[in-house]
Every structure is written in structure tokens, then in C-alpha cells.
Amino acid sequence: MTPLTTLLGIRHPLLLAPMAGVSGGRLAAATSRAGGLGFVGAGYGDRDWLASQLSATEGQRIGVGFITWSLRRQPELLDMALAFAPTAILLSFGDMGGFADQVRRAGVTLIAQVQMVKQAREAAAAGADVIVAQGGEAGGHGGLRGTMALVPAVVDAVAPLPVVAAGGIADGRGIAAALMLGAQGVLCGTAFYACDESLAHPEAKRRLVAASGDNTFKSPLFDQLRGLDWPEGPWGLRALRNALSEQLGARWAAEPQAQHAELATQQTRLAHAREAGDFDTAPVIAGEAADLVHATSPASAVVQALMQGCDTALGRAAAITNRFQTPQRN
Ligand SMILES: Cc1cc2nc3c(=O)[nH]c(=O)nc-3n(C[C@H](O)[C@H](O)[C@H](O)COP(=O)(O)O)c2cc1C
């Protein structure tokens, strides 16, 4: 229990990250049922998709996560999410602007995911109830700073607001470490990617389970190939390297004019690849914690393993402290 678990009314200080195309209603509901808080990743704004995923949450308390710059193009999606009475709204990537007031007016907890201390201060001033400090180890879009130094700096900058650590946390040791850094909970994406309830393609899950964080890279390449015009900002997309990224990354770096000539063809190729299960072409979006994901399993088993692992790690830390404590004289 931490003040965060009390605020959100959850058993474990564990949040499922809103992952576009991966965190749908079933995964969010399964995480919440297991004692964490699941977020549906509203991603790049498909109204019908969001409606169907919200209706798949089986009455569980869940949150909804938006990519803020994309939400600005379809602000009505926030009305739709708020009408569903979520436990929290999570806004990532970009200035929250008027969305912060709208969420708070609705009486819903506002969580802001940030990549820098400066952004954490801005989000706190804009009225966020909780700050997620996301280190660059994270799967998907993220910044340059590492989780280890970013989390305590954000904790200090926004105290007494609760801070949640994200990026590279996929076992109990990571949760224990985050608590030691002053976070009151964690937000995990990669750890849940290969869950049975995840919307990721079965072949993508298989590749993640087989992968190491060594094989991830951060670049705008897959955004360009997916035709997603992310605005300029301190973020890149972390994904597993594959045949296409190796081939194009090298060629386009050496011959920038080739990128211009080939982009449309490669975009069409990538658009068909995901449905076909061709992940030599389509990206598997995951973070450095890929090393720690060893199997596909139900979300409830992931939650249980993470929390039991955290207990074990905290118990080990307590044992070390006891061993080195000077005996008290009376
Ligand atoms: C497949 C995938 C998709 C993601 N999509 C989103 C998204 O749509 N919105 C968002 O705020 N964050 C997204 N993220 C980032 C997560 O919110 C979170 O910061 C990250 O997963 C934490 O790091 P971890 O992957 O090491 O657990 C995504 C991450 C992954 C792995």
C-alpha cells in the first residue's frame, strides 16, 4: 500500500501502460481484476475502436490513456472517455493545455506522463494529481533520460505529488528499486505486451519473448514508415530491430535522397505486413525490459509474479540491512 494505491483505490501499486494497439479493454480489465489499474491505450484516435474497447472492460475500474498531441486533433474522444467514468485519465507527450481542467472538472484523477524534470513541474502546475516519470528505457515513445536518475529528481521536484516510475521495469526487482527511488508505484508496458489478453499479434509476442533489450533501438524510422507525423519533441520510438529497420536505417542514413524516393512504397509494404504477421517488416514496439519477459501468460499471472517478486526483493533488502546493522547495546 502507498498513498497512490489509496488515491486510485487499487490493491497493488502497479499500472498497466496505455499501449496503442496493445492495451485494449480485455487487458486493462484483466490487470484491474488482478489488483492493479489497467489503462486502455486510446492511441491515435479511432472512435469506433475506443468505443468497442471500453465496452470490453467488463465493468472493471480502468483508466484511459491519450497521446496528447493526437487528442488535440480529436478532442471529442476525451468527452467519450470521461462519459465512461474512468478511474483516471493519463495524458502523455505534449502540453496538456485545457485537457487538464476538463479532466479535473469531471472529478477524474489526472495522471501526466513526462520525460523530463521540467515537464514534471509544468504538469504539476497544470493540475496533475499523479506524475509518471518515464525513463528512456521504455518501449514505445520516450525521452533520453534514464529511469534511475529521472525518478528521484521528479520525486523531489513535485513533492508531495505521488510519482510513478516507468521505463525498464518488468520484474519485482524493478518495482522494489522504484519504491526505493521514492516512487509510489510503477507503470509497465513491455511486461504486459505478451499477455494472452494483449492485442499484439501472436508472432509479435513470440518475438518479444525471444528478444533481448540489446536488440532495441530508438529512432523516428518506424513512425515515418507508419505515416505517423509525430511533432518535433524530445522523444523517439523504441522498438526491436528487424530486417527492415536494419536495411533501411543504414541505406537512408547513407543516401537521404533514397528515403524521399522510397518512402511511399515502404509505407504501403509496412501497412500490409502487420496483418500478415510479417515482423521482419512491421515493428515490434517494446523496451529494454524485453530481457525480463520469458513467456506469454495471463495478465493476472504477470501481476502476481511482479508483486511477489517485489516482496522478495524488499525482503532481501531488509535482510541485508539487518545483517549490517550495529547491534544495540543496552
Ligand atoms: C507497444 C507499446 C505501445 C505504447 N503506446 C503508448 C501510447 O499509446 N501512449 C502512451 O502514453 N504511451 C505508450 N507507450 C509507453 C508506455 O506508456 C510506457 O511509458 C512504457 O511502456 C513504460 O516502459 P516499459 O515498456 O519499459 O514498461 C507504449 C509502450 C509500448 C511498449
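Any read-out appearing in this document is the output of simple, stated calculations on the displayed coordinates, not a laboratory observation. Model, not experiment: these values are computed from the prediction. We place every Cβ from the backbone using ideal geometry, glycine too, and count neighbours over all the protein chains shown.
If you wrap a convex hull around the alpha carbons of region 167-248, what volume per residue comes out, as a whole number of Å³?
Cα convex hull per residue, to the nearest whole number: 140 Å³.
Please list, in chain and number order, the residues 5+ apart from Leu14 or on another chain whose amide H is under 5 Å from its amide H, with Hs placed from the backbone.
Under 5 Å from the amide H of Leu14: Leu37, Val186.
If I fit a long axis through the Cα atoms of helix 299-324 and take the longest principal axis of the Cα atoms of the chain, what angle between them do I get, 0 to 90°, rounded to 10?
Taking the Cα atoms of the chain, the angle to 299-324 is about 40 degrees.
Just for region 153-301, what percent of DSSP beta bridges are antiparallel, to the closest 5?
Taking every DSSP beta bridge with both residues in region 153-301, the antiparallel ones total about 50 percent.
Which whole-Hz ³J(HN,Hα) couplings does region 7-17 yield from phi under the Karplus relation 6.51 cos²θ - 1.76 cosθ + 1.60, θ = phi - 60°, glycine and proline marked x?
My calculation for region 7-17 gives 4, 8, x, 10, 7, 10, x, 9, 10, 7, 5 Hz in order.
Taking one equal scatterer on every alpha-carbon of region 59-144, how large is log10 of I(q)/I(0) by Debye at q = 0.12, 0.18 1/Å?
For region 59-144 at q = 0.12, 0.18 Å⁻¹, log10 I(q)/I(0) is -0.33, -0.73.
222 nm [θ] for the chain, helices only, -39500 (n - 2.57) per DSSP H run of 4+, per residue, to 500?
Mean residue ellipticity at 222 nm (helix-derived): -13000 deg cm²/dmol.
Give, rounded to the nearest 20 debye, the magnitude of the charge dipole that the chain has about its Cα centre when Lys and Arg contribute +1 at Cβ and Asp and Glu contribute -1 at Cβ.
840 debye
Tell me which of Leu221, Thr265, Pro202 sits at the most positive position along the dipole axis of region 202-273, charges placed on C-beta atoms (Lys, Arg +1; Asp, Glu -1).
With unit charges placed on the Cβ atoms, the residue in question is Pro202.
Which order do peptides 30-37, 13-20, 236-243, 269-276 fall in by mean Cβ count within 10 Å, highest first?
Top to bottom by mean Cβ count within 10 Å: 13-20, 30-37, 236-243, 269-276.
Which FRET efficiency, nearest 0.05, do Glu58 and Glu262 yield, Cβ-Cβ r, R0 45 Å?
Once the sixth-power term is evaluated, E becomes 0.50.
What number comes out for the charge environment of Arg61, summing +1 per Lys or Arg and -1 per Asp or Glu over other residues with Cβ under 13 Å away?
Every neighbour counted, the sum reads +1.
Rounded, prolate or oblate: which fits the chain when a ≥ b ≥ c are the square roots of the eigenvalues of the alpha-carbon gyration tensor, with rounded for a/c under 1.5 and prolate only if a/b beats b/c?
Judged from the Cα gyration tensor, the chain comes out prolate (a/c at least 1.5, a/b above b/c).
Going by amide H atoms built from the backbone, whose H comes under 5 Å of the H on His141, apart from near neighbours?
Here the answer is Arg238, since their amide H atoms fall under 5 Å of that of His141.
Can you check what the net charge comes to around Ala28, using other residues whose Cβ is under 11 Å from the Cβ of Ala28 (Lys, Arg +1; Asp, Glu -1)?
Its environment carries a net charge of +1.
³J(HN,Hα) across region 25-40 via Karplus (A = 6.51, B = -1.76, C = 1.60, θ = phi - 60°), whole Hz, x for Gly/Pro?
Couplings: x, 5, 5, 4, 5, 5, 5, 5, 4, 7, x, x, 10, x, 10, 7 Hz.
For region 204-221, take each phi angle, set θ = phi - 60°, evaluate the Karplus expression 6.51 cos²θ - 1.76 cosθ + 1.60, and give the result in whole Hz per residue in order, putting x for glycine and proline.
So the J values, rounded to whole Hz, are 5, 4, 4, 5, 5, 4, 7, 8, 10, x, 4, 8, 8, 8, 10, 6, x, 3.
Hey, got the Cα dimensions of region 202-273 along the principal axes, in Å, largest first?
So the extents along the principal axes, rounded to whole Å, are 36, 29, 22.
Mean-square fluctuation check for the chain, GNM, Cα pairs under 10 Å: which of Gln113, Gln266, Gln53 is largest?
Of the options given, Gln266 has the highest mean-square fluctuation.
Would you mind ranking Tyr193, Tyr44 so that the residue whose beta carbon has the fewest other beta carbons within 10 Å leads the list?
Tyr44, Tyr193
How much of the DSSP beta bridge set in the chain is antiparallel, as a percent to the nearest 5?
20 percent
Can you grab the distance from the C-alpha centre of region 236-260 to the C-alpha centre of region 81-98, Å, no decimals?
34 Å
Under Stokes-Einstein, with the Kirkwood radius over Cα pairs standing in for Rh, what whole-number D in µm²/s applies to region 62-210 at 4 °C and 1.567 mPa s?
Estimated diffusion coefficient is 82 µm²/s.
Which of rounded, prolate, oblate describes region 1-146, given a ≥ b ≥ c as roots of the alpha-carbon gyration tensor eigenvalues and a/c under 1.5 marking rounded, otherwise prolate only if a/b is larger than b/c?
Note, shape of region 1-146 comes out rounded.
Angle check, please: helix 256-273 long axis (alpha carbons) against the longest principal axis of the chain (alpha carbons), in degrees 0 to 90, nearest 10.
The angle comes out at about 70 degrees.
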